1. Go through the stretch 121-170 and report how many residues are surrounded by fewer than 19 Cβ atoms within 10 Å (Cβ to Cβ) and hydrophobic (A, V, I, L, M, F, W, C).
2. Residue under question is THR261, and the condition is that it be among the polar types (S, T, N, Q) and under 30 Å from ARG235 (Cα atoms); does it hold?
3. Could you check how many residues of the stretch 177-196 are at positive phi and away from the ligand (no atom under 15 Å from the Cβ)?
4. State yes or no: is ASP364 farther than 30 Å from ALA521 by Cα and among the acidic types (Asp, Glu)?
5. Go through the stretch 441-478 and count every residue that is surrounded by fewer than 19 Cβ atoms within 10 Å (Cβ to Cβ), over 24 Å from LEU381 (Cβ atoms) and of a type in the set (A, V, I, L, M).
6. Of THR332, THR336, THR393, which residue is of a type outside the set (Lys, Arg), exposed (fewer than 14 other Cβ atoms within 10 Å of the Cβ), assigned to a strand (DSSP E or B) and modelled with pLDDT of 95 or more?
7. Does the stretch 296-308 contain any residue that is assigned to a helix (DSSP H, G or I), at pLDDT 95 or above, within 16 Å of the ligand (Cβ to nearest atom) and surrounded by 13 or more Cβ atoms within 10 Å (Cβ to Cβ)?
Amino acid sequence: MRAHYLLAGAALALASSLTAQTVTTVLSNGTTDTRYDMVILGDGYVASEQATFNADVNTFLTALFQKSPYNIFASYYNVHTVFRASAQSGADRPDETPPVFVNTAYEATYNYGGVDRCLYIQNTSIALADAALAPATEGRVIVMVNDTRYGGCAATFAVSYNGSQMTEVQAHELGHSLGQLADEYDYAGQTYTGPEPSQPNITTSPTGQKWNLWHGTQGISAFQGAGYNQFGLWRPRSNCLMRSLGQALCRVCQENIVKITNSVANVITWTTPATASVAVQRPNVQQFSFAHFVPAGNNPIIEWEVDGNVQLGQTATTFFLNSTQVTLGNHTVKVTIKDQSDRVRLDPQLVMHESHSWVVSVSDPSLAQLRIPSMTNNLVLVNPGTTVTLSPTVVNDGPAVAGAFAVEFFLSNSPSAWTTQDTYLGKIDVAGLNNGQQVLLQHTTQLPWSLPLQIMYIHAVVDRINVVAESNETDNEIARVILGQAGPCNTGLEFQDPLTEPFAGSISLAAGGTLHPTVIAPCANPTSALYLIAWTGSGTAPGTTLGPGLLLPLNVDALTQIGLGNLNGPIFGSFLGVLNAQGVGQAQFTLPPSLAIPTGPTHFATVLLGSTTLFTAVSNPIQLTLLP
Ligand SMILES: [Zn+2]
């Protein structure tokens, strides 16, 4: 018979452990992605005590949401319970005589870590797995233990007994787990000597500098005795729930609970439009709205911005964007709600603010609409200095005629982006394009000597400076890939300036302007390679012979003499220099305000100077027209 009873007992325990866990949402304020989701487990409750567990949860929550700051932010929380019946009631009491051991779901025990009233669970992996059955969890889990002996402890789990002081103990433990707060009580005679604690509510500073924004509020100052030490640690207030049960949480402790709660909660619950991108056609007015759950008592401030500019007077949950009052193209509409809760004074992370943004594309269907549906290039594998032919097709899809515009070309290392700092490959001027018309253009350009040996992208951009009003200003670009190959061992000279073609035939410079003639000599020995850039106003032919097979493509004249006489001065910066390790030398030509100058084109060319032979190489010429 005895064996029979044992078998029956084992079968009962097995059945109990196989009992499906019961998941219940006991407090639902909104979707789990917008709220802080608390999860409560029970340990030491047998199946027939599930009602006791439910009652304990109810008692705890009722008390918790009467405490500040939980009362103010009650709508920020969802609470879920996961009940797993234990085989036996209570918790282990290994420090009693005789010791008590019971079989429970998470193996809760007193005297955890040798502290008699520290009640904690030993089977945390099952507890975590059970907590994960809840609709959501923030990683901190509350455990109610069905035992009358006073106790509680907190780490990942906030654990409390369910006796008469259950609500106070559990609220204190939640201060640790949710609020990441330290104990403010101390043990007589102990002195702290460690580093500054990470928790916000204890400090090694006798003046309590850590919470200086709270000094003078509700008795907050600095009181010695905290974090288990009578000396060497200070707490914010003479008393607090983190020091003694039955006390309110001090404002310093409340602040951290509020900030952690807000860093998890998303107070903006819905927006309209629901999509992040919004297309608006002139002359329509677009409405933007949102809903939030910041308590009215926290006096939230609503701020609307368009392209970063705060819209004065717009403080409602709805905002109207008049498409005729913004430029065509993309804009950003952003709303920010700022919780002004008096529970938070230091918020460098702005967890009390929440924003939502929309990208708004404003178009005008009555305008011209230029785009480049395709482009071909005659070469894909290219050497530095190669001449390529680019053939873009430009279309005007809009109902209106497009006036004169330009198609410009940039060399970029990005397939999707170009800037005016990228190498400029020139432009084609187009007189205009009728509605519905398309045109195939052709542009021949020389790639720079400095072309890198990698994948590069030639971008064609139509109407970069927006002289044609278009219904859509965000589709004016196309890119083609090229692959840079090793180039010839020649000595090249090119301009390296924004919006300037490296070998421009028509570049001009106004008084005070600067340009950067740049020498590219990849095969020159950089340790001894000097370069000299010469200038002429009388053309490139017949040129000047410097030695056998070395024809400098410039005619020596008065400008050449001015250049040589003022090398490396304010006008001819670094016109004489040493190539760097990559064989590059960059000069700077600055046109002074009052130089007597020729009206026709001028030219630069460079010559390399050697140690045994004076002139070792010459470059191509590059042209510049000076403007008075
Ligand atoms: Zn406190």
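1. Of the residues in that region, 7 qualify.
2. Yes: the conditions hold for THR261.
3. Selection size over the stretch 177-196: 1.
4. yes
5. Number of matching residues: 3.
6. THR332
7. no
So that you can scan it fast, the table gives a plain yes or no per residue for (1) under 53 Å from the mean Cα position of the chain (by Cα); (2) modelled with pLDDT of 95 or more; (3) of a type in the set (D, E, K, R):
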site	(1), (2), (3)
THR518	yes, yes, no
THR527	yes, no, no
GLY549	no, no, no
GLY569	yes, no, no
SER574	yes, yes, no
ALA596	no, no, no
PRO601	yes, no, no
LEU609	yes, no, no
THR613	no, no, no
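The values are calculated or read from the model by the stated rules, or taken from the named source; none is laboratory data. Here the structure is a predicted model, which is why all the values come from computation and not from measurement. No Cβ is skipped: glycine too gets one built from the backbone with ideal geometry, and neighbour counts run over all protein chains shown.
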